[in-house]
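Worksheet for the structure shown next.
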Amino acid sequence: MSQIMAPIDAIMREPPNVWLTSFYGFDPGNWGFLGFSTDSQRRSFIRRSEPGALVVIYAVGNAPSDMLGRVVGVLQCSHRVNHAQAFMSPMAWEAKKNDPDREDRWDLGVKAIRAWRVAADARPLIADFANETYSAGRAQTIGSQGMPLTSEEARKLLDLDLQEVSVFGEIPVDDARLAKGSDLFGVNKAGPVSQNPHMVREAEGPKSLYQLKLDGDMSAFLGEDAGDDIVVKVGMSGSPPTRCEDHNRALPNGAFRWRLLRSNETAGEPHFPNSRIAIEGENGMKKLLTKNGKWLGGEFFRASGDLVDEAWAVGMRDAKRWADLSS
């Protein structure tokens, strides 16, 4: 596997390993890749960049109005390639398939491994940030295949107010704080597991699947009759009880609390050896809950108790299959 270039090295080298493209918003937790519509475009990016390339994203199209024409985020990309569906959440894939403007576009993916969003009140106009590379006449080329930034433009990343966020298929990021790019990227550490003091990311190691259930009046919470449905969060972690505590700390005191519904430990199962195996199980749960339940954003779903039970069985099955293939 190729060594991943550290962000600071991508920025400071000559020429920079920093690129520019446009998205319809910025949601790497569900859309964890850089997409291309033709094989030649993807091959050109792979040939002209190095693993660890930073890709600056500005918003176009049907992105929220306060994002349009502004720099909204940064991806760090590997050179791992696959079909887009492999690099995006089941919810995002369903939305893409059902959107006539996107269903046949950007299907050739290059996997992102880290991501940072720009503070909402500090997003620079793309015409100011990339004043040498960007122009209205180049916008289509930038959006379809990307363009490298100049040294002066790349160094502007060090002045942005950034917050690291989770990327689909990677170890989740929690409790990330806003910081200047110079602080975030100043640690010369390569690889997908951050050593950054401004954020918290679980270390690699044994992982458990988990389901959290939201206790309380679900009809009041959802703003409509919930019937017998429940609200759950699904995921994977080295310590599901700690994840449950984290989510409860984010809630104000009131009538709603998260409860650990299931984990490998409560099910009498050992932890899976690593996050890659557990992610397969997590995705299995999400696919079923997306198809037969209702996605509430992120990793949250509304579903019947029976469907949640079935999702757990599917997740464990998929993770165990991947573990067998990896052994």
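Just so it is clear, none of the values below were taken in a lab; they were calculated from the coordinates. The structure displayed is predicted, hence computed values, not measured ones. No Cβ is skipped: glycine too gets one built from the backbone with ideal geometry, and neighbour counts run over all protein chains shown.
Would you report the distance distribution of C-alpha pairs in the range 28-77 as whole percents per 5 angstrom bin, up to the bin with the largest distance?
Bins of 5 Å from zero give 4, 17, 22, 25, 19, 10, 3 percent of pairs.
Report, to one decimal in Å, the Kirkwood hydrodynamic radius for the range 7-201 based on all distinct Cα pairs.
In the range 7-201 this quantity evaluates to 16.5 Å.
With everything on Cα atoms, drop me the angle between helix 305-326 and the longest principal axis of the chain, reported from 0 to 90° to the nearest 10.
60 degrees
Calculate, in nm to one decimal, what ALA136 and ASP217 gain on full extension: separation in residues at 0.36 nm each, minus their alpha carbon distance.
Taking 0.36 nm per residue and subtracting the Cα distance, the gain is 24.1 nm.
Could you work out Rg/(2.2 N^0.38 Å) for the chain, with Rg from alpha carbons only?
Compactness ratio reported: 1.02.
Taking the chain as the reference, fit the longest principal axis to its C-alpha atoms, fit the long axis of helix 240-249 to the helix C-alpha atoms, and give the angle between the two in degrees, 0 to 90, nearest 10.
Once rounded, the angle reads 80 degrees.
Using only the alpha-carbon atoms, how far is helix 39-48 inclined from the longest principal axis of the chain? Give it as 0 to 90 degrees, nearest 10.
70 degrees
Using the number of other C-beta atoms within 10 angstrom as an exposure proxy, rank LYS213, LYS207 with the fewest first.
Going from least to most buried by this count: LYS213, LYS207.
Just how far, in whole angstrom, is the range 59-79 from the range 273-327 if you go by their alpha carbon centroids?
The distance from the Cα centre of the range 273-327 to that of the range 59-79 comes to 29 Å.
Counting alpha carbon pairs within less than 8 Å and at least 6 residues apart, what relative contact order, in whole percent, applies to the chain?
Worked out over the chain, it gives 16 percent.
List the lysines whose Cα lies under 29 Å from the Cα of LYS156, skipping any in the same chain that are fewer than 8 positions away.
The qualifying lysines are LYS111, LYS180, LYS189.
Find the relative contact order for the range 11-145 and round it to a whole percent, using C-alpha pairs within less than 8 Å whose residues are 6+ positions apart.
This gives 32 percent for the range 11-145.
Among ARG80, ARG105, ARG249, which one shows the highest mean-square fluctuation when the chain is modelled as a Gaussian network with alpha-carbon springs under 10 Å?
ARG249
Could you give the dipole magnitude of the chain about its Cα centre, charging the beta-carbon of Lys and Arg +1 and that of Asp and Glu -1, in debye to the nearest 20?
For the chain, the charge dipole is close to 720 debye.
Need one number: the % of Cα-Cα pairs in the range 220-327 sitting beyond the 19 Å mark.
Result for the distance tail: 47 percent.
Considering only DSSP states other than H, G, I, E and B, which GluC sites (Glu not before Pro) in the range 119-175 qualify as loop sites with at most 14 other Cβ atoms within 10 Å?
For GluC sites (Glu not before Pro) across the range 119-175 that sit outside H, G, I, E and B with at most 14 neighbouring Cβ atoms in 10 Å, the list reads GLU132.
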